[in-house]
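Have a look at the structure below, then the notes.
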Amino acid sequence: MMISRLALLLGLAALPAVALSSKGVWAQGIPAIDAAQAREQRTFAVPAGPLGNALTLFGRQAGLQVSVDPAIVKDVSSPGVTGALSIEAALARLLGGSGLTYRIVGNTVTLQRPGAASGALQLDPVQVQGYSAPPQALIDNLPPPYAGGQVGKGSQVGLLGERDVMDTPFNQTSYTAQLIRDQQARSIADVVANDPSVRISWPAVSYTTPLVVRGFPLSNQDFAFNGMFGAAPALTVTPEYLERVEVLKGTSAMLNGMAPFGSIGGVVNLVPKRAANEDLTRLTASYFSSGQFGGNFDFGRRYGDDKVFGLRYNGVFRAGNTPVDRQTQEIIASVFGADFRGERFRASLDFGYQKQNFNAPQRPTYVAAGIAVPLAPGGRANWFQPWTFVNTEDIFGVARAEFDISADWTVFGGAGARTNRFEGLTGFANVNNANGNLVDTVATFPSRTDLNTQELGIRGRLRTGLLDHSLSLTGTRLAGTGYSLYSPILNTRSNLYLPTFVNNPNVTLPSPPKVNDRELTSLAFADVVSAADERIQLILGGRYQRVRINNFNAAGAVTTSYDQSAVTPGVGFIAKPWRNVSVYGNYMQGLQQGPTAPAGTANAGQVFAPVKSTQFELGVKVDFGRLTTTLALFQIEQPVGITNPTTAAFSVDGMQRNQGIEINVFGEPLSGLRVLGGLALTNGVLVNTGSALTSGKTATGVPGVQLNLGAEWDASFLRGLTFSGRAIYTSAQYLDPANTQSVPAWTRFDAGVRYTFDRADGKPLSLRFNVENLFDLNYWASANSTYGLSMGAPRTFLLSLSADF
């Protein structure tokens, strides 16, 4: 079955060849600009470096073609340009010190040496940007970086496609590859450590990194890859092969459909890298404490007329000791990306392999009811057996294609697949007194998950009278099969502070049986109605979702079946009283598989329809040109199952209600000074739980205050030298629903420095050094009734050297 899915991916990858056989006669160019537009301010984020690379980014961000002879920019450096400037001012700054001049004719910027013939270049030009994608396209339509280069100006918003952050009625952040490199992120959790609305719900140094967004869990298995669920690696993602990590906060079933494993707090979309117009060959060597060495090879090329074919490859390797005692990790990733961008047809293929071997992994630690939560041990402490392990392997891929029926209408389709194999011999620690005594249950836990996903749709624009419409219609399918077997093999008595270790039992992991299969299908429609030059926008949409799940026993017989459907509407609005201000609101729903009444209840066996979570959100966004600030107020209500103590009937009448305020800030308010972070205030309450002990209490794992604030400063005394710092604060959290157990607040500080300079050949060399948890704080990072206690990482040193060739 896996072979057939991969064959489908490869088949879609061959579509560009079909397009070449009939080169279109209908061209889609970039509109010419006039003198006034050339003086209009736009936001640029082009870092210092080789002039050829800088011109590529400038062309994308300005929406222009750049024509230049490679010989005149070879070995020439550019100081870069950042902030809100006119096209003319940005070009002047970009070319500072190069001795080159430019002229703008139509939609083309032509560079030449002084004294060259005014009518044309002396040598054949190279087009830095080929065919442009229409606004409704997904492929080759990535929003440019915002001022400072740490976040994008927009992101993919599910059914609505790529949209600018000021044109979406949601709180979203798109973290860039530049930020991933500069912060030396090793996982998605490291990337979203910049976001005040997001926290990790698992030990920081482990084989997986599930998240909590707006106080609700977000499983790794519900991450999207290139806009599609079911195609990303299952447990961890090494981010070196990603161009963007897009985070949309809140429920979004109308936009994205039901997540495969039911997460509702938000959506994380992983955008793979694409080949840029400039050739790229980059090698990175890295060291992470306490003895982990690694490297990354990043290669990109474009080929053909107008550089229509692109190839991108990323290879990642890390191995050695982690900063936690007796713990080692080895991770290998090999990810290949290809794309074709023609006049009317575009296609992309991403195919990857990722393998991880993790020895003595930490898992959440549970605490018995009625005892005080023990103090957090030292950050390097590891009370799990040194011979335990987790090995994971993922094969994954996504193919996409789209065709422009006209300038305003595009049909699109995609297919993806992922196979994850998991081999685990792991401990489950349960603390039974305040002194840290515990029982560690060691179990074998082999599993496998096979998923495949498809999407087909059309997206376009039309005008009716004074109203403009952006319409989207899409159908999706996700199917998969799960295999797993949990088998406890021994119990050991130990202690958080003085662990006891026993001999390796040397067991052989059995082959896991099939435990379930699932199929999620949906049909969705949305209309973005706009007026007054898009200063008023109304979003209307809905999605029909069907959920079918079968569960199996060890003998392969079906034990329970689930087949239910639901419709999830969505409404949003945007009003722009000024061009740089967006006032917005939305009503969205999330979707999860409905429960089945458990044994012992009056209605045992009753199957409930998919559970709908409901979100209301209001907000305002202000773009000051070089700095954007956002404010969001939200309420999410998630139904939960309860048993009536009088009638013994099971129902979905309980509720967790999270209300919050989010403030975000990002950009480069002053040249060379970048800021990123914000504040999240959340009040999570349990309502109508059926028990006086828990009704009205604070929801577990929902801190009232989360603060993230980071800054970077480019030193004025040495070009290329940058200092960075970040503070992360999380207030106290309850561990149990009755609010009798809690963990204290914590504050973590990070710091970093990097130095980038050009070698004699004009290629950049970058040295980066970061310290996370600068003061080596010992702390429980998270606590909730589902995942228990999770340790924060100890002080960690990160060092890397990158060179372009």
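Couple of notes before you dig in:
- Long-range amide H partners of S695 with built H, under 5 Å: T689
- Packing-based order for 617-628, 297-308, using average beta carbon neighbours within 10 Å, highest first: 617-628, 297-308
- Positive-end extreme of charge dipole, the chain - chosen from T559, V398, G672 (charges on Cβ): T559
- Estimated [θ] at 222 nm from DSSP helical runs (n ≥ 4, -39500 (n - 2.57)) normalised by residues in the chain, nearest 500: -2000 deg cm²/dmol
- Peptide ranges 594-601, 137-144, 651-658, 216-223 listed from the most packed, as the mean C-beta count within 10 angstrom indicates: 216-223, 137-144, 651-658, 594-601
- Which of S613, S289 has the fewest Cβ neighbours within 10 Å, and the rest in rising order: S289, S613
- Rg to Rh quotient for the chain, alpha carbon positions, Kirkwood Rh: 0.96
- S582, S742, S187 arranged by Cβ crowding within 10 Å, fewest neighbours leading: S742, S187, S582
- Phi-based couplings in Hz for region 195-208 (Karplus 6.51, -1.76, 1.60; Gly and Pro marked x): 10, x, 8, 10, 9, 8, 10, 9, x, 5, 10, 7, 8, 8
- In the chain, Cα pairs under 8 Å separated by at least six residues give a relative contact order of 11 percent.
- Amide H within-cut-off set for G250, under 5 Å, with H built and near neighbours excluded: G266, V267
- A simple spin-label model places pseudo-atoms 7 Å from Cα toward Cβ; at L540 and Q178 they are separated by 4.0 nm.
- Built amide H within the under 5 Å cut-off of N603, gap 5+: F650
- Residue order, fewest to most surrounding Cβ atoms within 10 angstrom, among R546, R186, R493: R493, R546, R186
- When the charge dipole of region 272-804 is built from unit charges on Cβ atoms (+1 for Lys and Arg, -1 for Asp and Glu) and taken about the Cα centre, the candidate among L280, G590, T388 whose Cα reaches farthest toward its positive end is T388.
- Rounded to the nearest whole Hz, the Karplus-based 3J(HN,Hα) values (6.51 cos²θ - 1.76 cosθ + 1.60, θ = phi - 60°) of region 446-456 follow the sequence x, 7, 8, 10, 10, 10, 9, 9, 9, 8, 8, with x at glycine and proline.
- 24 Å Cα-Cα reach of K514 towards lysines, excluding residues that sit fewer than 8 places from it in its own chain: K355
- Across region 606-614, computed HN-Hα scalar couplings (Karplus, 6.51 cos²θ - 1.76 cosθ + 1.60, θ = phi - 60°) run 5, 9, 9, 5, x, 7, 9, 8, 10 Hz from first to last residue, x flagging Gly and Pro.
- Each peptide in 637-649, 272-284 was scored by the mean count of other Cβ atoms within 10 Å over its residues; highest first, the order is 272-284, 637-649.
Read the figures in this text as sums done on the coordinates, not as results from a lab. Since we're looking at a predicted model, the values are computed, not measured. Cβ sites come from the backbone with ideal geometry, for glycine too, and all protein chains shown count toward neighbours.
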